[in-house]
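Let me begin by presenting the structure, written as structure tokens, before commenting on it.
Read-outs throughout are calculated quantities, based only on the coordinates presented, and are distinct from any laboratory measurement. For clarity, every value in this text was computed on a predicted model and none was experimentally measured. Please note: Cβ atoms are built from the backbone with ideal geometry, for glycine as well, and neighbour counts cover all protein chains shown.
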Amino acid sequence: MSDITFRHFEWRDIPAITAIYRPYVTDTVITFEYDPPSEATMAGRFGAMVELGHPIIIAERGGEVVGYAYASYYRTRVAYRFTCENSIYLRQDMVGQGLGGQLLDRLIDDSRAFGFKQMIAVITAERANSVRLHEKAGFVHVGTQDNTGFKFDRWIGVTYMQKAL
């Protein structure tokens with residue numbers, strides 16, 4: 001994976017980010033969204049993080065965006081201002097090659113530099129690979145909620161993991 005480069009988000013990344021996210025919405029329970037967001041919607045979401053200065057990392061291979069990660073407020077109330085939730089999304093052909101761990105490591109560093117003190121991972125309960133990824137990065141299991149989301153005609157639980165930064 002030495003041909004991967006990492007950089008911070010730029011506005012030109014919105015089409016690629018939107019395309020990477022789409023199959024997670026339409027084909028998986030990794031997100032509980034039902035309808036894939038438009039580029040305009042994604043620009044609004046990322047714009048809010050940019051305005052706050054929150055970390056957004058882009059992974060590129062050969063000049064193409066192949067993955068991204070970001071950390072933003074876990075909750076918007078002021079008492080949560082030092083706690084972030086992370087998200088990592090990879091282009092489908094990049095899954096299982098170690099890129100998720102590389103993005104997470106960089107995201108942890110950038111989140112610490114931003115001033116976040118705690119990072120929360122909210123993982124759909126059947127995503128054992130995501131749990132292992134976070135365990136390798138030092139996250140600990142802090143709770144599970146059964147039957148939290150309903151997608152694809154079934155109930156899905158959520159696992160919560162946390163890491164002190």
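So the values come out like this:
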{"quantity": "Percent RCO, i.e. relative contact order, over the chain, from Cα pairs under 8 Å lying at least 6 residues apart", "calculated": "19"}
{"quantity": "Residues with amide H under 5 Å from that of residue 151, placed H, sequence gap 5 or more", "calculated": "156"}
{"quantity": "Peptides ranked, highest mean first, by Cβ atoms within 10 Å: ranges 105-118, 145-158", "calculated": "105-118, 145-158"}
{"quantity": "Karplus-derived HN-Hα couplings along segment 45-51 (A = 6.51, B = -1.76, C = 1.60, θ = phi - 60°), whole Hz, x at Gly and Pro", "calculated": "5, 6, x, 4, 5, 4, 4"}
{"quantity": "Value at 222 nm in deg cm²/dmol, rounded to 500, when DSSP H runs of n ≥ 4 in the chain each add -39,500 (n - 2.57)", "calculated": "-10000 deg cm²/dmol"}
{"quantity": "Phi-based couplings in Hz for segment 74-88 (Karplus 6.51, -1.76, 1.60; Gly and Pro marked x)", "calculated": "5, 9, 8, 5, 4, 5, 8, 4, 9, 10, 10, 10, 9, 9, 9"}
{"quantity": "Debye intensity ratio in log₁₀ form over the Cα atoms of segment 57-125, taken at each q of 0.11, 0.12, 0.21, 0.29 Å⁻¹", "calculated": "-0.29, -0.34, -0.87, -1.26"}
{"quantity": "Distant-in-sequence amide H partners of residue 74 (H built 1.01 Å from N, under 5 Å)", "calculated": "83, 84, 85"}
{"quantity": "Range of Cα positions in the chain per principal axis (Å), largest first", "calculated": "41, 36, 31"}
{"quantity": "Rounded FRET efficiency, nearest 0.05, which uses the C-beta distance separating residue 141 from residue 40 and R0 of 41 Å", "calculated": "0.65"}
{"quantity": "Assigned charges on the beta-carbon of Lys, Arg, Asp, Glu; the chain dipole about Cα centre (debye)", "calculated": "520"}
{"quantity": "Contact order normalised by residue count of segment 6-54, Cα under 8 Å, 6+ apart, percent", "calculated": "32"}
{"quantity": "Whole-Hz ³J(HN,Hα) from phi, Karplus 6.51 cos²θ - 1.76 cosθ + 1.60, for segment 22-37, glycine and proline x", "calculated": "3, x, 5, 6, 7, 10, 9, 9, 4, 10, 8, 5, 9, 10, x, x"}
